[in-house]
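Colleague: Below is the structure I would like to discuss, written out as structure tokens.
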Amino acid sequence: MKKLIALLLLWILAYGVFAQKPHNPVIPGFNPDPSVCRVGDDYYLVTSTFEYFPGVPVYHSKDLINWTLIGHAVHDVTQIDYSNVSSTAGIYAPTIRYHEGLFYMITTFVGGTKSSQVAKTGNFIMTAENPAGSWSEAHWLDNAPGIDPSLFFDDDGKVYYCGNRHPEVEEYRAQRQIWIQEIDLKTFTLKGPQGILKSKPFYENDIIGNPVAFEAPHLYKKGGRYYLLISHGGTGVGHAVSIWNSDSPLGPWTINPDNPILTHTDNRSLGINCTGHADIFQTQDGDWYSVFLAVRSNEGKYNVMGRETFLAEVDWSGEWPIYNPQQTERRTQLELRPTPMWQGIQRSFDFYDDFSSDEMKLDWTFVRQPKTEWCSQKAKNGKLSIDLQPAIIENYAHPSFMGVRVIEMKASFETALDFCPGADNECAGLAFFRGHKPNWTLVKERQDKDARVAVYYGDSLIASSAITSKKDLALKIELDDYLLTFFVKEKGAEWKKITATDASELKFPPAGRFTGSFAGLYASSRGETSKNKALFNYYKMTTER
């Protein structure tokens with residue numbers, strides 16, 4: 001009887017766990033263009049970072065639902081020079097692969113509108129024995145035009161490079177080619193003939209017309225045949241994933257008659273849009289899954305987070321892979337069907353840092369890489385010290401800003417700081433932004449020697465509130481859909497609302513078209529040289545889904 005009761009309790013407990021279905025996105029916040037590889041029971045995933053540093057986060061998971069940030073491939077200021085890189089340029093679409101004890105990360109570095117002033121751009125490869133780091137210097141590839149490169153290790157020892165490029169003659173808008181060529185990973189040089197998949201109209205149904213912007217190619221081998229998975233339609237609501245196969249890694253390619261195999265463009269009311277840029281992989285048990293980017297809908301197709309990492313089941317028991325066979329084919333859902341692999345409850349992505357450790361948490365992100373050391377967690381009383389630099393958020397420089405990804409449409413961002421402005425141009429506090437613009441700052445400053453807390457949109461003052469505190473106070477920004485509300489709390493007082501403002505400019509698209517929103521700590525001397533510092537006691541982000 002006791003054994004029966006124990007078994008019943010175990011069943012109830014297990015049912016309680018699995019009744020709480022895991023949710024998409026599996027990695028929320030700005031995490032687009034995911035790529036994944038498996039090594040034994042471990043899964044490693046990378047995403048794009050554009051102008052942000054450290055670049056190319058590396059996530060680890062055992063169950064495909066709970067992903068932990070373990071490091072970055074671009075982690076040292078000597079690896080890549082981000083100087084003058086514009087917003088939404090920088091690191092594009094990395095791919096991660098593993099072969100014979102070594103991890104390979106291949107990606108594109110784009111200069112943007114100031115490409116002529118960027119030290120080095122193009123496609124490159126980094127390697128590591130441990131995906132948590134450290135990673136090698138960049139091995140730049142010659143004669144490798146285009147973006148979204150990928151590597152494929154064949155079972156005969158050959159390795160192939162896949163990428164996209166402009167055709168010599170563009171027959172219609174945004175026409176692109178996928179090209180494949182063997183690569184020597186000892187010399188990092190391309191060799192031999194090229195295989196080309198030309199972009200051309202191939203749909204006779206109403207789902208998608210001309211498949212513009214062929215990109216994100218990944219090559220696989222299954223059942224003796226080669227499969228070429230690509231994305232197309234651009235990264236907006238027309239995004240889609242299609243697949244071809246061949247007897248050779250260089251083609252010619254046979255199209256899947258049921259393409260596209262993943263898209264939401266024909267039904268934009270399911271809470272998810274812009275699905276694309278996929279990578280397919282197999283578990284140690286032989287099951288197939290795919291990661292891909294998508295945008296959580298809000299008002300049809302909008303949110304402030306940008307493109308995030310989603311997961312879907314794939315049935316590849318036949319010739320062609322089928323997405324979400326247990327749910328809705330071609331589409332994915334926010335609620336995922338639990339399987340025995342997924343143990344426990346999906347972890348929270350809320351963030352808190354009291355700066356008590358000498359090591360900075362991996363979640364902190366900067367705009368371009370630091371040229372000097374302007375922040376330290378070794379300040380007195382365990383506070384974080386940030387130097388006031390002349391740079392502001394909305395230019396091409398590297399401002400004194402460190403933030404974390406915004407992961408929900410309802411969230412609050414809070415800090416307490418010890419700061420005494422020495423001049424009217426000095427400020428410190430919180431910033432919320434996406435790309436160069438739009439951006440909002442909630443800062444302590446002074447005007448005519450009187451201390452105040454002010455809210456700015458770019459360099460335009462929105463509102464201010466006089467304060468009596470000469471040093472310590474707390475600041476908070478609350479996000480509720482597209483409403484930003486700004487608060488201040490002095491010692492011994494309650495939170496005081498300063499103002500609220502509409503932040504609809506943060507919508508995806510068009511603001512920060514490739515990136516997502518960040519919120520975090522900010523200090524600036526606004527174009528002037530300063531020796532002043534701001535001390536921060538803590539930073540926390542809490543969210544509600």
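Colleague: Would you point out which residue out of LEU293, LEU270, LEU250, LEU229 is on the phi < 0 side of the Ramachandran plot, at pLDDT 95 or above and not in a strand (DSSP E or B)?
Modeller: Values: LEU293 fails: not in a strand (DSSP E or B); LEU270 fails: at pLDDT 95 or above; LEU229 fails: not in a strand (DSSP E or B).
Going through LEU293, LEU270, LEU250, LEU229 in turn, just one is on the phi < 0 side of the Ramachandran plot, at pLDDT 95 or above and not in a strand (DSSP E or B): LEU250.
Colleague: Residues in the range 56-65: is at least one modelled with pLDDT under 95 and of a type in the set (Ser, Thr, Tyr)?
Modeller: The answer is no; no qualifying residue exists.
Colleague: Going by the structure shown, is ILE386 surrounded by 20 or more Cβ atoms within 10 Å (Cβ to Cβ) and over 28 Å from PHE508 (Cβ atoms)?
Modeller: Numbers: surrounded by 20 or more Cβ atoms within 10 Å (Cβ to Cβ): yes; over 28 Å from PHE508 (Cβ atoms): yes.
Here the answer is yes, as ILE386 does meet what is asked.
Colleague: Could you list, in sequence order, the residues of the range 273-290 that are modelled with pLDDT of 95 or more, of a type in the set (Ser, Thr, Tyr) and surrounded by 24 or more Cβ atoms within 10 Å (Cβ to Cβ)?
Modeller: Passing the criteria: only SER290.
Colleague: Quick check: anything in the range 95-116 surrounded by 22 or more Cβ atoms within 10 Å (Cβ to Cβ), part of a loop (DSSP other than H, G, I, E, B) and touching a residue at least 60 places away in the same chain (Cβ under 8 Å)?
Modeller: No; the residues of the range 95-116 include none that is surrounded by 22 or more Cβ atoms within 10 Å (Cβ to Cβ), part of a loop (DSSP other than H, G, I, E, B) and touching a residue at least 60 places away in the same chain (Cβ under 8 Å).
Colleague: Quick check on this structure: which one of THR235, THR265 is surrounded by fewer than 22 Cβ atoms within 10 Å (Cβ to Cβ), more than 29 Å from LYS158 (Cβ to Cβ) and either at pLDDT 95 or above or within 25 Å of the chain's Cα centre (by Cα) (or both)? Talk me through it step by step, then tell me what you get.
Modeller: Values: THR235 fails: surrounded by fewer than 22 Cβ atoms within 10 Å (Cβ to Cβ).
Matching residue, one of THR235, THR265: THR265.
Colleague: Any residue at all in the range 73-81 that is under 14 Å from GLY133 (Cβ atoms) and outside any loop (DSSP other than H, G, I, E, B)?
Modeller: Looking through the range 73-81, at least one residue is under 14 Å from GLY133 (Cβ atoms) and outside any loop (DSSP other than H, G, I, E, B).
Colleague: Any idea which of (1) surrounded by 15 or more Cβ atoms within 10 Å (Cβ to Cβ); (2) touching a residue at least 40 places away in the same chain (Cβ under 8 Å); (3) touching a Leu at 6+ places or on another chain (Cβ under 9 Å) is the one LYS471 doesn't satisfy?
Modeller: Failed condition: (1).
Colleague: Filter the range 472-503 down to residues that are modelled with pLDDT of 90 or more and small (Gly, Ala, Ser) and give me whichever is nearest to GLY236 (Cα to Cα).
Modeller: Here the residue is ALA503.
Colleague: Inside the range 59-91, can you point out the residues that are touching a Ser or Thr at 6+ places or on another chain (Cβ under 8 Å) and either over 30 Å from ASP42 (Cβ atoms) or basic (Lys, Arg) (or both)?
Modeller: The answer is SER86, SER87, THR88, ALA89.
Colleague: Same structure, new question: Only one of ALA397, ALA411, ALA391, ALA379 is over 30 Å from LEU483 (Cα atoms) and among the aliphatic types (A, V, I, L, M). Can you tell me which? Break it down stepwise before answering.
Modeller: On the way: ALA397 fails: over 30 Å from LEU483 (Cα atoms); ALA411 fails: over 30 Å from LEU483 (Cα atoms); ALA391 fails: over 30 Å from LEU483 (Cα atoms).
Answer to the check: ALA379.
The values are calculated or read from the model by the stated rules, or taken from the named source; none is laboratory data. For clarity, every value in this text was computed on a predicted model and none was experimentally measured. All Cβ positions, even for glycine, are placed from backbone atoms using ideal geometry, and neighbour counts span all protein chains on display.
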